[in-house]
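Shown next, in structure tokens, is the structure this report addresses.
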Amino acid sequence: MLDSQLFIFLNSIRQIGEATVRNASQPLDGLLFLLFLVLAALFAIVRVTSPDLISGLLRGVSSARHSMMLLNDGRLGLRFSTVALDIIYVSCVALLLFRLVGNQSFERLIWLFLLVVVFYLSRIILIIFFRIIFFPSETTNIHLHEILLFNKSLGLALLPLLAASYFTLFGEAELLAIASVLVVIVFIYRLIRIFSLMRTHYTYGNLYFFFYLCTVEITPYLVVFKGFLQPNLISAEII
């Protein structure tokens with residue numbers, strides 16, 4: 001019995017060693033493996049340094065009341081733990097797109113990271129612009145808080161899914177189905193939450209409110225979706 005268990009253990013070590021050699025011969029695979037290790041390390045650091053943050057995120061996503069409590073106590077403010085969760089989110093979205101668009105190369109991975117970062121930051125800047133020019137700070141603060149809350153939570157949900165898709169036998173079709181459903185559900189739920197919360201603090205006309213949500217929430221995603229419906233254009237720009 002012990003001999004068979006020892007044989008299974010040694011055979012597992014051999015398989016891990018062979019996989020490591022294969023990854024070493026494929027630099028992009030090794031880079032992806034290192035990136036997932038970094039993301040896992042960031043998650044572990046967040047768990048150790050801010051043990052209540054992740055549970056607070058889950059409660060905030062599930063309940064608008066807990067979300068407002070997070071906003072009032074400032075737990076999603078600019079600090080290492082929240083920035084680390086933003087890095088996890090941006091990395092997971094870029095890796096998801098990288099897995100789905102095909103024609104994988106190091107240059108494409110870098111470009112997708114840059115595109116996701118620019119898209120993420122541009123929306124934040126756009127909301128801040130609306131706060132300065134048109135809308136009261138309380139309204140846009142709620143909107144920005146909900147975006148950060150749901151993005152951080154989505155990054156934590158995508159991280160194990162993507163790790164399984166890259167380093168197990170989890171197929172691309174299953175990844176596309178699960179990730180697409182997850183992202184769509186999160187987007188619709190977040191839009192409903194933002195609409196309901198902002199309406200309680202919003203005093204302008206419905207037309208302005210509609211234009212605001214279309215500009216900040218709907219139009220950016222439609223532009224990105226249209227871009228991915230034109231793969232030749234994306235390939236020409238990225239490659």
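Structure notes:
- Test: residue in segment 109-125 that is within 15 Å of the chain's Cα centre (by Cα), closer than 21 Å to Tyr212 by Cβ and among the hydroxyl-bearing types (Ser, Thr, Tyr): yes
- Check on Leu57, surrounded by fewer than 14 Cβ atoms within 10 Å (Cβ to Cβ), under 16 Å from the mean Cα position of the chain (by Cα) and not polar (S, T, N, Q): no
- Checked against the criterion of being at pLDDT 80 or above and either surrounded by 14 or more Cβ atoms within 10 Å (Cβ to Cβ) or in a helix (DSSP H, G or I) (or both), segment 168-180 has at least one qualifying residue.
- Ser165 being modelled with pLDDT under 80 and over 17 Å from Thr219 (Cα atoms): yes
The values are calculated or read from the model by the stated rules, or taken from the named source; none is laboratory data. Remember, predicted model here, so these are calculated numbers, not experimental data. Reconstructed Cβ throughout: ideal geometry from the backbone, glycine too, with neighbour counts over all protein chains shown.
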